[in-house]
Amino acid sequence: MREHIDDPMAEAVIRWRTAEQGGRRSGPPTAPVYMATAVFTPGDAHISVLIEQLDVREDESRTCKVDFLVRELARPALVPGARMLVMEGPRVVAEADIQVVHAG
């Protein structure tokens, strides 16, 4: 298990869905670095994503560092304002809005 993302590709605001909305039954992940699959919208390519929470905002969304196992797959879609869906299997558990893209 990773403890940190040292050189993230981006920062995003992530809104985790509640269990009633089809999200995780246990709520937002508590691991230091959460690993899942993501899809940029529009698009259909599933990409392995790494997420490290930085803080919780007043509206319960989270500011997070974001990185990818295969960075080259994410790079074309990774722009400020891009929407990314975080998936667990076939289900969407969170929506992320990319805020800042790093050169990394």
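For the chain, the square roots of the Cα gyration tensor eigenvalues, ordered a ≥ b ≥ c, give a/c below 1.5, which places it in the rounded category. Structural descriptor for the chain: relative contact order 37 percent, calculated from alpha carbon pairs under 8 angstrom and at least 6 residues apart.
Net charge dipole, the chain: roughly 280 debye, given to the nearest 20, about the Cα centre with Cβ charges of +1 for Lys and Arg and -1 for Asp and Glu.
For the range 52-104, the dipole from Cβ point charges (+1 on Lys and Arg, -1 on Asp and Glu) about the Cα centre works out to 260 debye, to the nearest 20. Residues of the range 86-100 with an amide N closer than 20 Å to a point placed 7 Å from the Cα of MET1 along the Cα-to-Cβ direction: 87-89.
Straightening the chain between GLU88 and ARG71 buys 4.2 nm, computed as 0.36 nm per residue apart minus the Cα-Cα spacing.
Read-outs throughout are calculated quantities, based only on the coordinates presented, and are distinct from any laboratory measurement. Being a predicted model, the structure only gives us computed values, none of them experimental. Here the Cβ is made from the backbone with ideal geometry for all residues, glycine too, and neighbour counts use every protein chain on show.
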